[in-house]
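Reading through the structure tokens given below for one structure.
The values are calculated or read from the model by the stated rules, or taken from the named source; none is laboratory data. Computed from a prediction, not measured in an experiment: that's the story for all the values here. Backbone-built Cβ (ideal geometry, glycine too); neighbour counts: all protein chains shown.
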Amino acid sequence: MPMASPPAPFQPLAPEAAWRRQLWLFPAALALAFCALVVAWVHGIDTNERNAFRRLLEADAASVEAQLLARLDAERASLREIAAQLPAAGAAGDTALQALPPVRAGLDRLWNRLVWLDASHQVVGRAARTPSRAATAGGDLQIRARGLAQHLQAPVPGGGQLLARYEITDLLGSTDLVWLNQRYEVSFLSALGEVIATTASFARPPGGMAHERALAASPELRVVLRPFAQPPAWWRSPHTLALLAGLLMLGTAGSLLLRRQMRQVARAMAEAHREAAWRQAMEDSALVGLRARDLQGRILYVNRTLCDMVGWQAGELVGLAPPLPFWPPDAVDAMLARNLDTLAGGAPRTGYETHWLHRDGHGIDVMIFESPLLDPQGRHVGWMGSIVDISVRKQLEEREQRHGELLAQHARLHDLGLLASELAHELNQPLSAVMGYGAGLAKAMRSQPSPDPVLMDAAEQVHRHARKAGDIVNWIRRQAQRGEPQRQAEDLGALVEAVCALRSRSLERRGIRLDKQVPPQLPAVPLDRIGIEQVLTNLLRNASDALSARTGPRLIRVRAGASDTEVWVEVHDNGPGLGGRTLDELAAPFRTTKQAGASLGLGLGICRSIVEAHGGLLEASDPPEGGACLRLRLPRLALPDLPTPTAHEVLP
């Protein structure tokens, strides 16, 4: 089944950039750019053709030069053969030299005079071409000027040399240039620029570029080639100009049509934009969060209220599938199970409550109402959720509940204070009687001639403990009656030793080893001895209770020490530890980690209040080696007397 795709959230229409309003010119600009590319391409081809044609001119001129050089090389070879035969042929004298067949052949080909010189440059013989055998120009070559001559020479065996004179025009006339005359007008120029020979004709004038080249066959001779035809320039081609004009016309027509279409689209977009603005205004003004999801639970749409509710932007939420970022990490499994039930259609129509997390970490309570999401064809394509933030209502409910609990705690504390005061009053007289009987018993036994030491010690212990119990009862009465504290300088180390000695037998019976590390002399601290004694006793009792379930070795380590500003006592057990709980949680009234009925949950709170009334601190931590560690810190300097908290003050 296709996934629903709700319209995108409305965005304010920004002013259209000037360059966007000119986009209708794009087809014309594209056609113009294409024409420019065509022109550049054709121009490149034309340039390549012209360069190729120029290279052909250079190659043809070099071919003319090579042909002339080859002809001269052949004449030199023939002249060397004749020179080699002269001594043996006995051709001394003009007649004998003239009669030699190779001489006559050379005069018929090119030479117009032949001279044989001996070693002293004296003429041995001459031969000359007769006018009837004068060389004529071949092909279409027209001789314009005569008289330019060159010489060929060859050494004669035994000394001397053979000289052959020829005219440049005869060399040109005897060279085969028919293949060249079909493509070029060929002209030979002297060093002064005078035309010696040419194939120029009024019937066939040349056109285009010309190429001039100096000939190595004669330093005073240059050849000029003018082609009769060459590649035409591209801008002279009517086909090319028609193609470019057609492209420009098509581009212009496309631009005009695009401009018309853009105006129609702009009007339609303005209408759609107004409709989207109305729809978005209504969605954003809703006081409930809106969320659309597909059948797989993927978010398709959220409104602004929901984004503000969870602290995430719409772009960050749309497209996400469960688990979602605002789900509490410790409730992901339960959330996934509820999500599957909702996607299966099991969400109650009356809605359900759940707990989410804002992006900044604070929790929010929401009420979610789910309903099917249908497409225009009526097909079920997802779920539409309405989310109401009920955090304020939940906070008010929790505050009211906490207020009721607080009133109940105050009532219990009030009753407990009254009970403590009454118990202290009722116990005072029996304890006084026990103290009197104990003292009298001890005095009577001491008056005996040989008193039993065991009975004497027991009587003294009864008297001492009864007196201690009386001190504690009196201390409780002072706390209940808000009497003035009785502080005096005390040795905290000695007090620790006394409390440990008092609890040592009880700890031994429970299999707990007590390890004391108390310096012999600690600085005196102004304190209420009974109060601090009760604090230390309670800390040892709590440590002992924490080790009750331990099967291995049980250890309580008591350490004391002092710094420049304070004296401290530390009680460390190897039990299960605090479990991540803070001192505020442990000292809360009527809250205990012990079994039901084993404790009222007041001891640690009272201890904390007594220590703070002395200007000190009570700290709790989980040491790296395990167990729990509670530290009592009291200032060394004498502080102004502070009212010792009563039973009502020590418990909030």
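Side notes on the structure shown:
- Flag if A501 is of a type in the set (A, V, I, L, M, F, W, C), in a loop (DSSP other than H, G, I, E, B) and more than 20 Å from E619 (Cβ to Cβ): no
- Looking at L241, L258, L248, just one residue is surrounded by 14 or more Cβ atoms within 10 Å (Cβ to Cβ) and within 20 Å of V42 (Cα to Cα), and that residue is L248.
- Which listed residue is among the basic types (K, R), closer than 22 Å to V302 by Cβ and part of a helix (DSSP H, G or I), from R338, R393: R338
- Remark: pairs (first residue in the stretch 148-163, free of Cβ contacts under 8 Å to residues at least 24 places away in the same chain and assigned by TED's automatic domain parsing to the domain that holds D94; second residue part of a loop (DSSP other than H, G, I, E, B) and charged (D, E, K, R); Cβ separation under 6 Å; 6+ apart in sequence or on different chains) are absent.
- In summary, D573 fulfils each of the numbered conditions (1) surrounded by 15 or more Cβ atoms within 10 Å (Cβ to Cβ); (2) within 17 Å of V611 (Cβ to Cβ); (3) under 58 Å from the mean Cα position of the chain (by Cα) with the single exception of condition (2).
- Some residue of the stretch 620-630 being modelled with pLDDT under 80 and crowded, with 19+ Cβ neighbours inside 10 Å: no
- P348 vs. criteria within 27 Å of the chain's Cα centre (by Cα) and either surrounded by 15 or more Cβ atoms within 10 Å (Cβ to Cβ) or assigned by TED's automatic domain parsing to the domain that holds H380 (or both): no
- Cβ pairs under 8 Å, 6+ apart, first in the stretch 97-109 and within 15 Å of E81 (Cβ to Cβ) and not assigned by TED's automatic domain parsing to the domain that holds Y166, second among the β-branched types (V, I, T) and in a helix (DSSP H, G or I): none
- Pair list, Cβ under 8 Å, 6 or more apart: the stretch 389-406 residue exposed (fewer than 10 other Cβ atoms within 10 Å of the Cβ), other residue modelled with pLDDT under 80 and assigned to a strand (DSSP E or B): none
- Residue within the stretch 527-545 that is basic (K, R), closer than 22 Å to L604 by Cα and part of a helix (DSSP H, G or I) present: yes
- Odd one out for P87 among (1) in a helix (DSSP H, G or I); (2) over 30 Å from R222 (Cα atoms); (3) free of Cβ contacts under 8 Å to residues at least 60 places away in the same chain; (4) not aliphatic (A, V, I, L, M): (3)
- Lone qualifier among L374, L343 - being more than 27 Å from R393 (Cα to Cα), more than 27 Å from the chain's Cα centre (by Cα), crowded, with 16+ Cβ neighbours inside 10 Å and aliphatic (A, V, I, L, M): L343
- Pair list, Cβ under 7 Å, 6 or more apart: the stretch 115-131 residue farther than 10 Å from D94 by Cα, other residue at pLDDT 80 or above and assigned to a loop (DSSP other than H, G, I, E, B): L117/G160; D118/G159; D118/G160; A119/G159; A119/G160
- Matching residues in the stretch 272-329 - criterion: being closer than 18 Å to D365 by Cα and loosely packed, with under 15 Cβ neighbours inside 10 Å: L287, D308, P325, P328, P329
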